[in-house]
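Notes to accompany the following structure.
A short reminder: the numbers here are calculations on the coordinates, not readings from a lab. Note that the coordinates shown come from a computational prediction; the quantities given were computed from them, not determined experimentally. Positions of Cβ are backbone-derived with ideal geometry, glycine not excepted, and every protein chain shown enters the neighbour counts.
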Amino acid sequence: MKSAILTLLASAGGALVNAQGYLIPSNPFRLVLRSINGTLDGTELNACHQGAATEGVCVDTERIYSGSTFFHNTSIYHSKPSNPDASLTPGILYSMASNMANPLFSPGNSSYDAVYFDEGEAMYLPRYYDDTRTPPVYLTAVVRVENWCVCLTKINYLRETVVWKIRVRGVPQNPTCQKVRV
């Protein structure tokens, strides 16, 4: 898969869109874990209910379900219909009291958190400046940060989910977290 910004994702379990020129979906794809933990390695991720019209990214290590199918949707605003179909937009739920953040999908597209894929199809967030130095400096090349973990979390339900470890340094404060690649 080519490097792409995921601005709008729709999951098969969530909201498949009827693209009528306004929403243009990519080819379907799945999100798969890579881990030194053999139980997690190769596991496909699922969209899972986390609240009213909100989906999380869950792990099914028992492999009861096949993974959710995702799409990268782009929009053509000059042909926007008056009542467009809705996608689920990825965002990240942050807590100031934690160094972990939960990716969630919810309706609308007024704000989103973009993720990227490298040439090897690994999902990452770009880092443009280094604030670990004094004074902070812009980087001459973008650094691809992969701080994905699988942790036991509770947003509204106790689930094993994919989370983002905030900060470049340090370890997750959630003791159940295991480092993974997505």
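Points to keep in mind about this one:
- Table column - 3J(HN,Hα) (Hz), segment 164-178, Karplus curve with 6.51, -1.76, 1.60, x for Gly and Pro: 10, 7, 6, 5, 6, 9, x, 10, x, 7, 7, x, 8, 6, 10
- Built amide H within the under 5 Å cut-off of His49, gap 5+: Gly56
- In a fully extended conformation the segment linking Met96 and Ala53 would gain 13.1 nm over its present Cα-Cα distance, using 0.36 nm per residue.
- The GluC sites (Glu not before Pro) of segment 106-175 that meet both conditions, a loop assignment by DSSP and at most 10 other Cβ atoms within 10 Å of the site Cβ, are Glu119.
- Top positive-direction residue, dipole computed over segment 101-182 with Cβ charges, set Tyr138, Tyr128, Cys177: Cys177
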